[in-house]
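Okay, so here's the structure we're looking at.
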Amino acid sequence: MTARPANRPVQEFFSIGEVCALTDLKPHVLRYWESQFRFLSPSKNRSGNRVYKSREVELILLVKHLLYTEKYTIDGARIRLELYRKNGELKGAARQAAGIETLSELRQAVDQVIAVLDGKAPAEPPSAEAPVPAPDGVERPPARRSARTGVQLSLEPDQP
């Protein structure tokens, strides 16, 4: 069965932010890997922003799997990737690493749900975007605070 994972959108090009969200890596890690793995060389759009192809995202997941799961060094991962390429197994290995990553994420989500249902972990609080019911029963948007100063940005007064 070759169904595409739900969290991997069918999309041809990805920004560095989207790749970070898909791979759970920081931008500086991706930029460093570009200097270490010659096949990771995203093109740039007219604005000069990196644009990754879906194939490159799969290869990034393979590199992540080799480095973080199988504990290869950068040099060891480079050698392993070259062996995959020579044997014609690079595409299959990249897809397999993406599948392993997806299964790991699903397992973590299931474990988290089970912990909440068993009462071992608190349920996540409602999102900051959700309206907050006031004591008088009227729903109002949540108060926003400046990240720099901590000053409330909404027009509603502070609730005690």
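Quick notes on this structure:
- Ordered by the number of other Cβ atoms lying within 10 Å of each residue's own Cβ, fewest first, Tyr52, Tyr68 fall into the sequence Tyr68, Tyr52.
- Difference of contour (0.36 nm per residue) and Cα-Cα distance, Lys86 to Val113: 5.5 nm
FYI, it's all coordinate maths here, none of it is from the lab. Here the structure is a predicted model, which is why all the values come from computation and not from measurement. Glycine gets a Cβ as well: all are built from the backbone with ideal geometry, and neighbour counts include every protein chain shown.
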